[in-house]
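Here is the structure we will look at, set down as structure tokens.
The values are calculated or read from the model by the stated rules, or taken from the named source; none is laboratory data. Here the structure is a predicted model, which is why all the values come from computation and not from measurement. All Cβ positions, even for glycine, are placed from backbone atoms using ideal geometry, and neighbour counts span all protein chains on display. Surface accessibility is based on the protein's heavy atoms, side chains included, excluding ligands, DNA and RNA. Shrake-Rupley method; radii C 1.70, N 1.55, O 1.52, S 1.80 Å.
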Amino acid sequence: MGENIYKPVYSKDTKLVVSDLKVYFPIRRSFIDVLRGKPRLYVKAVDGVSFDVKEGEVFALAGESGCGKTTTGKSILRLNEITEGSIGYLPSKKIENVVKLPMVKKLSEHGHIDLYSIPDKYFKPFRQDIQMIWQDPFGSLNPRRTIFEILEEPLDIHGISSTKEERTEIIAKALEEVKLTPPEEFMWRYPHMLSGGQRQRVVISRALILKPSLVIADEPVSMLDVSIRAEILQLMMDLKKRLGLTYIFITHDLALARYISNRIAVMYLGKIVEMGDARKVVEDPYHPYTKALVEAIPEPDPQRRFIIKELPIKGEVPSPINVPSGCRFHPRCIALDKHPELAELCKTKEPPLIEVAPGRYVACWLYAKK
Ligand SMILES: Nc1ncnc2c1ncn2[C@@H]1O[C@H](COP(=O)(O)OP(=O)(O)O)[C@@H](O)[C@H]1O
Ligand code: SF4
Ligand SMILES: [Mg+2]
């Protein structure tokens, strides 16, 4: 088999290394099922995912709903148990004393540590250094709290600043940073008194007030009106540049991923099927699934309306409880119509993620050595 199977790289400028991550959620069995000896079933939300993210990079995790993007993001923040694999992280200077603890596992000579080797009680500083921006600006802001209180909470939790004056100053600056100015006009409002775009600015502000170095943005504009998406994305990119952040950008929208990121990993049913330079992946996709996603990207028509296109592939995404054998995409793959000689292999053997051109990786038997 191919010698060029993808392996994530630990280098001095790699911020994060996810290696063979698996997250299986057990499904509850009824008492009767247990008595009948029915085996325990699992939702294989993430099923062997590896990638690395360079410092200062925007790395996109893309793919249809349910393919495991959010679970991958949450695993980095230890918001769910992981079944297998490791997550290596290059901590910023602020958390050096945690890193020195004897039980913390080192994963490279450059200072990467295994996030899952840190005891719970020492993990708090990492929740400051790694922030998540959630999809729904309504759901993620407490409607009974003022913007001031919402932004004060993370400062409280992490014991930042002692006096009210100091906090007011930090909060005012944070609001200015996301262009909610003058800040005193916004501080005392409640979320429902803001527009969707303004609320998402507050969500961004709450993530950045703790001065993180890695931000995981989970579909940060998908709930927003199309007309304000561009300005929120622009704001996020400006902040990234100015504050020297690294982004993992989660989106179901390949066109958006191309626009905003340096590299894209396309996921299907818990696995990465294609990865590489964002522009190249979208302009010249290799994997039959990526090709289908690209074909479905809506193009604006002359009246500037978007034409919604259907995915040009057969059937529905299978359940992650019953992942198809071999290549998990095989029941839907239209490339097999042209390559019937591959059908048996595709049904029985999982294709490895291999390098097919410099920096371009694909998991498909059309490209791998059989
Ligand atoms: N806590 C959980 N318990 C059981 N199944 C879950 C849980 N979280 C996510 N899943 C399932 O895992 C799969 C991947 O979900 P998710 O990571 O949210 O995908 P995405 O963000 O790409 O839409 C889905 O089938 C989802 O229903
Ligand atoms: S491995 Fe086979 S089934 Fe899977 S995408 Fe490639 S050609 Fe299609
Ligand atoms: Mg999601």
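Report the FRET efficiency, 1/(1 + (r/R0)^6), for Thr348 and Ser222, where r is their Cβ-Cβ distance and R0 is 41 Å, rounded to 0.05. Using R0 = 41 Å, I get an efficiency of 0.65. Stretching the chain fully between Ser161 and Arg242 yields a gain of 26.9 nm (0.36 nm per residue, less the alpha carbon separation). The helix-based estimate of mean residue ellipticity at 222 nm for the chain, built from -39,500 (n - 2.57) per DSSP H run of four or more residues and divided by its residue count, is -8500 deg cm²/dmol to the nearest 500.
Gain on full extension, evaluated as 0.36 nm per residue between Ala255 and Tyr122 minus their Cα-Cα distance, stands at 44.0 nm. When the chain is treated as a GNM with alpha-carbon contacts under 10 Å, the residue of Ser108, Ser19, Ser261 showing the greatest mean-square fluctuation is Ser108.
Taken along the Cα-to-beta-carbon direction at a fixed 7 Å, the label points for Glu176 and Ser65 span 4.1 nm. Ignoring ligands, DNA and RNA, what percent of the 1.4 Å accessible area of the chain is carbon and sulfur? Ligands and nucleic acids excluded, carbon and sulfur give 53 percent. Work out, step by step, the length gained on full extension between Leu35 and Glu341: first 0.36 nm times the residue separation, then minus their alpha carbon distance; give nm to one decimal. That pair, Leu35 and Glu341, stretches by 105.7 nm at full extension. Residues in the chain average 50 Å² of solvent-accessible surface per residue, probe 1.4 Å, ligands and nucleic acids excluded. DSSP beta bridges fully contained in the chain are about 65 percent antiparallel. Backbone N atoms of region 134-166 closer than 18 Å to the 7 Å Cα→Cβ label point of His192 belong to residues 137-150.
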